[in-house]
1. How about segment 48-89: which of its residues are of a type in the set (Phe, Trp, Tyr) and touching a helix residue (DSSP H, G or I) at 6+ places or on another chain (Cβ under 7 Å)?
2. How many of the residues making up segment 12-42 are under 15 Å from Ile373 (Cα atoms) and of a type in the set (D, E, K, R)?
3. Among the candidates Leu84, Leu7, Leu76, single out the residue that is part of a helix (DSSP H, G or I) and modelled with pLDDT under 90.
4. Here are some residues: Gly65, Gly75. Which one is surrounded by fewer than 19 Cβ atoms within 10 Å (Cβ to Cβ), without any contact (Cβ under 8 Å) to a residue 24 or more places away in the chain and within 18 Å of Gln340 (Cβ to Cβ)?
5. Looking at segment 332-365 only, could you name the residues that are surrounded by 18 or more Cβ atoms within 10 Å (Cβ to Cβ) and under 24 Å from His391 (Cα atoms)?
6. In segment 165-181, which residues are surrounded by 22 or more Cβ atoms within 10 Å (Cβ to Cβ) and either among the hydroxyl-bearing types (Ser, Thr, Tyr) or without any contact (Cβ under 8 Å) to a residue 40 or more places away in the chain (or both)?
7. Among the residues that make up segment 24-37, is at least one of them in a strand (DSSP E or B) and either modelled with pLDDT of 95 or more or surrounded by 22 or more Cβ atoms within 10 Å (Cβ to Cβ) (or both)?
8. Among the residues of segment 245-264, which ones are out of contact with any helix residue (DSSP H, G or I) (no Cβ under 7 Å at 6 or more places or on another chain), at pLDDT 90 or above and of a type in the set (Gly, Ala, Ser)?
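The values are calculated or read from the model by the stated rules, or taken from the named source; none is laboratory data. Predicted model only: the values in this text are computed from it and were never measured. In this analysis, Cβ positions are derived from the backbone assuming ideal geometry, glycine residues included, and neighbour counts consider all displayed protein chains.
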Amino acid sequence: MPPPDVLVRYGGNLPRYTSYPTAAQFDATVGAAEADAWLRAVPAGTPVSLYLHVPFCDVLCLFCGCNTSVVRDAGLRAGYAELLIDELQRVAARLGPGRPVRHIQWGGGTPTTLPPESMCAVMETIRRLFAVEADAEIAIELDPRFLPADYPPLLGALGFNRASLGVQDLDPAVQAASGRIQSLEQTEDCVRRMRAAGIGSINVDLIYGLPYQTVEGAGDTALTVADMLRPDRLAVFGYAHVPWKQKRQALLPEGALPPPAERLAQRARIDAALRSAGYRAIGLDHYALPGDALCHAAETGTLRRNFQGYTVDPAPVLVGIGASAISSFPQGMTQNVPAQAFYARAMEASPDSLPAVRGVCRSDDDRLRGAVIERLMCDLRVDPVAMGLSHGAPASWYDSARPALRQAEADGLVVLDGSLIRVTEEGRPFLRNIAAMFDGHHAPAGVRRHAGAL
């Protein structure tokens, strides 16, 4: 466990660095016009990836920071799917016919809240408008508690080949405090049904830092999931407490939230449990079985990081479809209208335009800093001088980060070998802190934008 002074030194609030610049830099000066121009500028034949956001859940989890709500009206859910189809058509018209697609991700919310016929209609639209590659990854997020009986075979028939399941923690007290009651049997049944439907790649999400969670309990959950479910990949997230942004989180018992030292101990116990079960650590918070594509990407330096976390997807353009969805282009990023009702109004009010309302342009400096941050987050090593030269920047471009890097070396978090920075295993939990040393937009102390780094 790091000494107290290290915990204090690196205990601020930081982004997760799933993009750079981060969403905190988005504003209304970038929107539909930029999204239109950037889509039209994608070179012919360049593959893109699609992310489709479904902002509906059957029950709200109190810890969740996603854009979602409980909507039980099947007609409204079906109507939302029609809006997704409409937006897909608008995007395809700007990208041109036959655009290759190599990765499709459905997230939310809970995508299986869409009526089955609506899911079919959206997927058929994608295959009609785009050239989905034969080996494309088609993934979906699931809630094991609410998986309609007809959905697994439907997803298999539609070509889905990966599913991500939320588990979080198996301790009943933690589940009760977090507003997510989910038995191991429900999760086992979900995994069994998905695999029986031909969806062989399973991801599981765990969370540490939840109310009443203990070091022993977090480790037990990780071991049980690894042994009983044997997922191909796991994502182990630290709970991000941002009640000023997500009002539902204010319902959590704050006094029962573990402090940073306890959170790090929980993380360490989960890490040890998963490694002992044969998983390899990937980046900040992912784990994969040897032979998984994520392991291969980490070993070969081709791992990528985007709004969905770590990925093997190399596509330079990610197009977000649906309320609050974010698109990423070489030139910058845009985000759609966040609230579902306002997204629907925007789509209906402007039949030919895109629903993007905020975003950010990337400067040359942003591209360099983003490239360095991504390699740090993915490879745990980077040469800022070499990276700067490839972007036309002098070796002095990151001089302002050098004092913090030297302190990180003194704290045992990195090794500085000439211009090469290598993050140590002790430094892995502090990856966001190390990445922040290269963040030219980092908020000053006292500005609440992000959750705690640890």
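1. The first filter runs over segment 48-89 and keeps only residues of a type in the set (Phe, Trp, Tyr), leaving 51, 56, 63, 80.
Scanning segment 48-89 gives Phe56, Phe63, Tyr80.
2. Going through segment 12-42 one residue at a time, the tally reaches 1.
3. Details: Leu84 fails: modelled with pLDDT under 90; Leu76 fails: modelled with pLDDT under 90.
Leu7 is the lone residue from the list that is part of a helix (DSSP H, G or I) and modelled with pLDDT under 90.
4. On the way: Gly65 fails: without any contact (Cβ under 8 Å) to a residue 24 or more places away in the chain.
Only one candidate passes the filter, namely Gly75.
5. First pass over segment 332-365, keeping only residues surrounded by 18 or more Cβ atoms within 10 Å (Cβ to Cβ): 332-337, 340, 343-344, 346-347, 354-360, 362.
The answer is Gly332, Met333, Thr334, Gly359, Val360, Arg362.
6. The one that is surrounded by 22 or more Cβ atoms within 10 Å (Cβ to Cβ) and either among the hydroxyl-bearing types (Ser, Thr, Tyr) or without any contact (Cβ under 8 Å) to a residue 40 or more places away in the chain (or both): Ser178.
7. Within segment 24-37, the first condition is being in a strand (DSSP E or B), and the residues that meet it are 27.
After this cut, where a residue has to be either modelled with pLDDT of 95 or more or surrounded by 22 or more Cβ atoms within 10 Å (Cβ to Cβ) (or both) as well, the list is 27.
Yes, because at least one residue in segment 24-37 is in a strand (DSSP E or B) and either modelled with pLDDT of 95 or more or surrounded by 22 or more Cβ atoms within 10 Å (Cβ to Cβ) (or both).
8. Gly255
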